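Have a look at the structure below before the remarks.
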């Protein structure tokens, strides 16, 4: 019986190149076709998930690096702000201490000049001395007054004529200096000498001087002079409020404050008035502040961050007078300094927000793009699996057919034969002497197959359409 001759006009699959197909067996084996659909999707999903995870991790890492960089810049700027305030406080403390020292020394020089006039023989009650005393007060505007007393406290000469003849209590002045020397006494809470009077004019009984308002007082600069057999005491009343007024104008900042303290820690004057929150009263003991606990007497200038004249944390500095037992402190509110830094850092914060939004948006876009690629790849893999499955089914079908199946190209050259062909002909297309081509018959006639041998006894006719739209017809004769 002559087998039916099946002709396959095979078109190449778009998913597989012709070179990838074996001439002898162009379809995958059943085992490979069965395993590949199970393994490839899992590997694809694993790789896709890894890529998406890496994308998100890269975006998060970039965002973290940007935010850490901006945070480092912000912290550096904060430290610079604090350092600038600290340096300014140190500068102001040095300037105020130098100014205070110059003024006190100017007062000492003025009292020394008056002492020389007294030593020259001028009487303290005379007009020349009284004129010199008044002129000294005019020249030194930071003095509350100046007077000449005897060692019993009676006022012999004064710029304030109301004080003449009054007897002053000398106890608030502390220990008196030696003759020919001067000394700075403790802070006295009084407006003028008359407030310390203990008797009427020329020693007559009278009312004691009225107490001064809170925060009003003076620092007495005392000089003892020996004139003949008499010992006289020159008293210059330095007004510390005049110095703090100058300090307030110079600072010109509600968050800054300055103060004058004695070497023992007593507050003499301060720009932080009694109405200010946490202000210390004049005369308060500030010996617990860092200048007295951490610096003095070894270090006479420095700065710190912590407690100060006012409530709250302060950026403060101090400096000791070069010649007198006084020191000046200057402080600036730590909260105000950080608030100024925050205001200046708003642009940096906006940049951080913009960078966060931009990097976040880019990361989301990248993740969505990868997701879209994954979906597209999944669809492609699904199509390939379907194709592979169909090819596997077709391969099983082709392997089980008893008909002769072969494939040719457009020139009629055989490129594939099925196993049934081989079993019948005992020849393969790659074997020398096997069929190389089948004649193509067009409208003009018939062309016989070339290279036919050892396959006689079978004949047939076939045809196929080409990709260009033409039709090839041929006659096949196999002689056995």
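Of the set (1) modelled with pLDDT of 90 or more; (2) outside any strand (DSSP E or B), all apply to residue 202 but (1).
Evaluating residue 178 against the criteria (1) assigned by TED's automatic domain parsing to the domain that holds residue 228; (2) surrounded by 15 or more Cβ atoms within 10 Å (Cβ to Cβ); (3) on the phi < 0 side of the Ramachandran plot leaves one unmet condition, (2).
Restricting to segment 85-107, what's the tally of residues that are within 28 Å of the chain's Cα centre (by Cα) and exposed (fewer than 14 other Cβ atoms within 10 Å of the Cβ)? Quick ask: steps written out before the conclusion?
To start, the set of residues in segment 85-107 that are within 28 Å of the chain's Cα centre (by Cα) comprises 85-91.
Next, only the ones that are exposed (fewer than 14 other Cβ atoms within 10 Å of the Cβ) stay: 87, 91.
Of the residues in that region, 2 qualify.
Check segment 115-133 and report whether any residue there is within 17 Å of residue 191 (Cβ to Cβ), in contact with a strand residue (DSSP E or B) (Cβ under 6 Å, 6 or more places away or on another chain) and in a loop (DSSP other than H, G, I, E, B). No.
Please verify whether segment 398-418 includes one or more residues that are surrounded by fewer than 17 Cβ atoms within 10 Å (Cβ to Cβ) and assigned to a helix (DSSP H, G or I). Outline the logic, then answer.
Looking only at segment 398-418, we keep the residues that are surrounded by fewer than 17 Cβ atoms within 10 Å (Cβ to Cβ), and these are 399-403, 409-411, 413, 415.
With assigned to a helix (DSSP H, G or I) added as a condition, the list becomes 399-400.
Looking for residues that are surrounded by fewer than 17 Cβ atoms within 10 Å (Cβ to Cβ) and assigned to a helix (DSSP H, G or I), one finds at least one in segment 398-418, hence yes.
Scan segment 96-113 for residues that are closer than 24 Å to residue 128 by Cα and either out of contact with any strand residue (DSSP E or B) (no Cβ under 6 Å at 6 or more places or on another chain) or not in a helix (DSSP H, G or I) (or both) and jot them down. If you could, list the steps in order and put the result at the bottom.
In the first step, residues of segment 96-113 are kept if they are closer than 24 Å to residue 128 by Cα; the result is 105-113.
Hits for segment 96-113 are 105, 106, 109, 110, 112, 113.
Selection of segment 385-397 for residues being surrounded by 12 or more Cβ atoms within 10 Å (Cβ to Cβ) and under 20 Å from residue 417 (Cα atoms) yields 390, 391, 392, 393, 395, 396. Checked against (1) within 28 Å of residue 66 (Cβ to Cβ); (2) assigned by TED's automatic domain parsing to the domain that holds residue 271, residue 333 passes all but a single condition, namely (1). With respect to (1) at pLDDT 80 or above; (2) under 19 Å from residue 357 (Cα atoms), the lone exception for residue 56 is condition (1).
Taking the condition surrounded by 13 or more Cβ atoms within 10 Å (Cβ to Cβ), farther than 20 Å from residue 93 by Cβ and either modelled with pLDDT under 90 or outside the structural domain of residue 219 (by TED's automatic domain parsing) (or both), does residue 345 pass?
Numbers: surrounded by 13 or more Cβ atoms within 10 Å (Cβ to Cβ): yes; farther than 20 Å from residue 93 by Cβ: yes; either modelled with pLDDT under 90 or outside the structural domain of residue 219 (by TED's automatic domain parsing) (or both): yes.
Yes.
Considering (1) without any contact (Cβ under 8 Å) to a residue 60 or more places away in the chain; (2) under 25 Å from residue 47 (Cβ atoms), the lone condition that residue 426 does not fulfil carries the number (2). State whether the residues of segment 243-261 include one that is over 30 Å from residue 82 (Cβ atoms) and either within 58 Å of the chain's Cα centre (by Cα) or modelled with pLDDT of 95 or more (or both). No, because not a single residue in segment 243-261 is over 30 Å from residue 82 (Cβ atoms) and either within 58 Å of the chain's Cα centre (by Cα) or modelled with pLDDT of 95 or more (or both). Give segment 327-350 a look and list any residue that's in contact with a helix residue (DSSP H, G or I) (Cβ under 6 Å, 6 or more places away or on another chain) and under 21 Å from residue 248 (Cβ atoms), or say none. Across segment 327-350, the qualifying residues are 328, 330, 332, 337.
Among the residues of segment 234-272, how many are free of Cβ contacts under 8 Å to residues at least 60 places away in the same chain and either surrounded by 15 or more Cβ atoms within 10 Å (Cβ to Cβ) or farther than 25 Å from residue 196 by Cβ (or both)? Summing the residues that are free of Cβ contacts under 8 Å to residues at least 60 places away in the same chain and either surrounded by 15 or more Cβ atoms within 10 Å (Cβ to Cβ) or farther than 25 Å from residue 196 by Cβ (or both) in segment 234-272 gives 13. Of everything in segment 52-84 that is under 29 Å from residue 302 (Cβ atoms) and in contact with a helix residue (DSSP H, G or I) (Cβ under 7 Å, 6 or more places away or on another chain), the residue that is surrounded by the fewest Cβ atoms within 10 Å (Cβ to Cβ) is 77.
Per the conditions (1) part of a strand (DSSP E or B); (2) closer than 30 Å to residue 51 by Cα, the sole criterion not satisfied by residue 377 is (1).
Residues that are outside any strand (DSSP E or B) and farther than 19 Å from residue 196 by Cβ do not occur anywhere in segment 211-221. Condition (residue is surrounded by fewer than 16 Cβ atoms within 10 Å (Cβ to Cβ) and touching a residue at least 40 places away in the same chain (Cβ under 8 Å)) applied to segment 133-149: is it met by at least one residue? Within segment 133-149, one or more residues are surrounded by fewer than 16 Cβ atoms within 10 Å (Cβ to Cβ) and touching a residue at least 40 places away in the same chain (Cβ under 8 Å).
The values are calculated or read from the model by the stated rules, or taken from the named source; none is laboratory data. Just so it is clear, the model here is predicted, and its values are computed rather than measured. Cβ atoms come from the backbone with ideal geometry, glycine included; neighbour counts cover every protein chain shown.
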